[in-house]
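The values are calculated or read from the model by the stated rules, or taken from the named source; none is laboratory data. What you see is a predicted model; the values in this text were computed from it and never measured. Here the Cβ is made from the backbone with ideal geometry for all residues, glycine too, and neighbour counts use every protein chain on show. Only protein heavy atoms, including side chains, enter the accessible area calculation; ligands, DNA and RNA are left aside. Shrake-Rupley method; radii C 1.70, N 1.55, O 1.52, S 1.80 Å.
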Amino acid sequence: MPSSTSRQLHLGAFFFGVGHHLAAWRDPRLDAGAASRIESLRQWARIAEDAKFDAIFFADNVGLPGGPDDVLARNALWYPMEPTLTLAALSQATTHIGLVATVSSTYLPPYQLARKFATLDQLSGGRSGWNLVTSGSDFEARSFGLTQQLPHAERYSRAREYVRIVQGLWDTWEDDAFIHDRAANRFFDPAKLHRVDVDGDHYRVHGGLQTPRSPQGRPVVVQAGSSDDGQDLAAATAELVFTAQQTPEQAQAFYRGLKARLAAFGRAPDSLKILPGLSPFIGRSAQEAQEKFEQLQSLIDPVLGVGLLSTFLGNVDLSAYSVDDPFPQDLPVTEGWKSRQALFADLARRESLSIRQLYERVAGARGHWTVVGTPESIADQIEHWFRNEAADGFNILAPTLPHGLEDFARLVVPELQRRGLFRREYAHRTLRGNLGLARPAHPAAGAH
């Protein structure tokens, strides 16, 4: 029988190339170039919206990975399209689903970012979200004339200042500033214009946006860092957090720890939603699901598997090791993705994995939780995490697109709805509304 709860799951659909699995593009069922064609992206977005997902999410990086080029040629290019422009196009093909784009705070001035997302929010009627990243690779730094990335702590110090400026720019205008009073010759009420005036440690910004205030107050701020610096930034600024967790116990510790940090910033626990990544391999039987998983696993190129580990470990050189050697536990800590470095090392240590076994474990979702099973068994595990303070929902990392997303939408979502855990219809038109987040009042509201 369906169970009921007033608390509802939130679901994101994470679009990443033609699927999250490292070997997805080699699946003969797929159109390997689909991720760079708007017709395919529209189809995927409509699958997610028809299933009532909260949002679609585009990751990004801002550079072409380094060579050797013959090795790079074996891999898919995961980020063929600039995400804010792509979502602007998809905003016209959808009506309710949220539109979340990753843009780095390290390589784009805050004014430009604020204007991009303010515009996307107007185009979509209040459905935009900004996934704040600081960029963790040297090849991205080289795209902008640097020899290497900035130190981790400096990136996050800059990001804290950056997001405050962006939010200030989004509040340039009060909600009712534009009065269009022809008789008084006033396009806007000048008392309701609030310019940004910042001379910070990292940025100097004086001015304001031309774009009216967002239909949802401000675009939703999303954050994906799970390091200590990342959690502090999320507790201060984020409203939605994506995270990589391998077990319900680890997810529960992260969930409770991050929610506990909110009080120091005067925030309530419900003001931030936590969505771990979930990569599902779904079959109408357990055997069918396992066959889907093993088919993709068989296509992994060992060179790319080792390269994936090296990248997430901060470009650590693993060439001195055989793929069947135990995963080394004495690797240097780098300035890259610190939380993912810790996750990989912990997983290898806990399960005594070799380098090959580790890359096989993470190739499907880059360290996110991978589940293989029937719709009912996957729904059981989702419900367990949800009801036991491990998640407010999940960001679904389809192993292949569109097939993996279609499987989840057509098989798992109805089971979650049957259990009373997930909506059957959208209740709101804005991303903030569907996430159950309050619309932020303008800081100057009521001052006149």
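Is it true that Ala118 is farther than 24 Å from Glu161 by Cα and modelled with pLDDT of 90 or more?
For Ala118, the condition - farther than 24 Å from Glu161 by Cα and modelled with pLDDT of 90 or more - is not met.
For the stretch 59-79, state whether one or more residues are open to solvent by 10 Å² or more (accessible area, probe 1.4 Å) and closer than 21 Å to Arg429 by Cβ.
Taking the stretch 59-79 and keeping what is open to solvent by 10 Å² or more (accessible area, probe 1.4 Å), we get 59-79.
Those left that are additionally closer than 21 Å to Arg429 by Cβ: none.
No, the stretch 59-79 contains no residue that is open to solvent by 10 Å² or more (accessible area, probe 1.4 Å) and closer than 21 Å to Arg429 by Cβ.
Only one residue in Leu90, Leu99, Leu132, Leu120 is open to solvent by less than 10 Å² (accessible area, probe 1.4 Å), touching a residue at least 24 places away in the same chain (Cβ under 8 Å), out of contact with any strand residue (DSSP E or B) (no Cβ under 6 Å at 6 or more places or on another chain) and closer than 19 Å to Ala13 by Cα, so which one is that?
Going through Leu90, Leu99, Leu132, Leu120 in turn, just one is open to solvent by less than 10 Å² (accessible area, probe 1.4 Å), touching a residue at least 24 places away in the same chain (Cβ under 8 Å), out of contact with any strand residue (DSSP E or B) (no Cβ under 6 Å at 6 or more places or on another chain) and closer than 19 Å to Ala13 by Cα: Leu90.
Quick one: how many residues across the stretch 97-113 are assigned to a helix (DSSP H, G or I) and within 18 Å of the chain's Cα centre (by Cα)?
1
Need the failing condition index for Glu288 against (1) touching a residue at least 60 places away in the same chain (Cβ under 8 Å); (2) surrounded by fewer than 19 Cβ atoms within 10 Å (Cβ to Cβ), just the number.
(1)
Can you find a residue in the stretch 230-242 that is farther than 24 Å from Leu113 by Cα and of a type outside the set (Phe, Trp, Tyr)?
no
Looking at the stretch 273-281, is at least one residue in contact (Cβ under 8 Å) with a residue 60 or more places away in the chain, part of a loop (DSSP other than H, G, I, E, B) and open to solvent by less than 30 Å² (accessible area, probe 1.4 Å)?
No: the stretch 273-281 contains no residue that is in contact (Cβ under 8 Å) with a residue 60 or more places away in the chain, part of a loop (DSSP other than H, G, I, E, B) and open to solvent by less than 30 Å² (accessible area, probe 1.4 Å).
Out of (1) more than 23 Å from Pro402 (Cβ to Cβ); (2) modelled with pLDDT of 95 or more; (3) part of a helix (DSSP H, G or I), what's the single condition that is false for Gly305?
Of everything listed in (1) more than 23 Å from Pro402 (Cβ to Cβ); (2) modelled with pLDDT of 95 or more; (3) part of a helix (DSSP H, G or I), Gly305 misses just condition (2).
A quick yes/no check of all residues on (1) in contact (Cβ under 8 Å) with a residue 12 or more places away in the chain; (2) of a type outside the set (S, T, N, Q):
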position: Gly367; (1), (2): yes, yes
position: Val372; (1), (2): yes, yes
position: Glu376; (1), (2): yes, yes
position: Ala390; (1), (2): yes, yes
position: Gly393; (1), (2): yes, yes
position: Thr400; (1), (2): yes, no
position: Arg418; (1), (2): yes, yes
position: Arg423; (1), (2): yes, yes
position: Ala447; (1), (2): no, yes
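So which strands (runs of 3 or more DSSP E) are wholly in the stretch 165-231 and hold at least 2 residues that are open to solvent by 60 Å² or more (accessible area, probe 1.4 Å) and farther than 30 Å from Gly367 by Cα?
Those strands (runs of 3 or more DSSP E) span 196-199, 204-207.
Can you pull out every residue in the stretch 150-164 that is part of a helix (DSSP H, G or I) and open to solvent by 30 Å² or more (accessible area, probe 1.4 Å)?
Listed by number, the residues that qualify are Ala153, Glu154, Ser157, Arg158, Arg160, Arg164.
Which condition from (1) within 20 Å of Gly208 (Cα to Cα); (2) of a type in the set (Val, Ile, Thr); (3) touching a Pro at 6+ places or on another chain (Cβ under 7 Å) is the one that Val163 breaks?
Condition not satisfied by Val163: (3).
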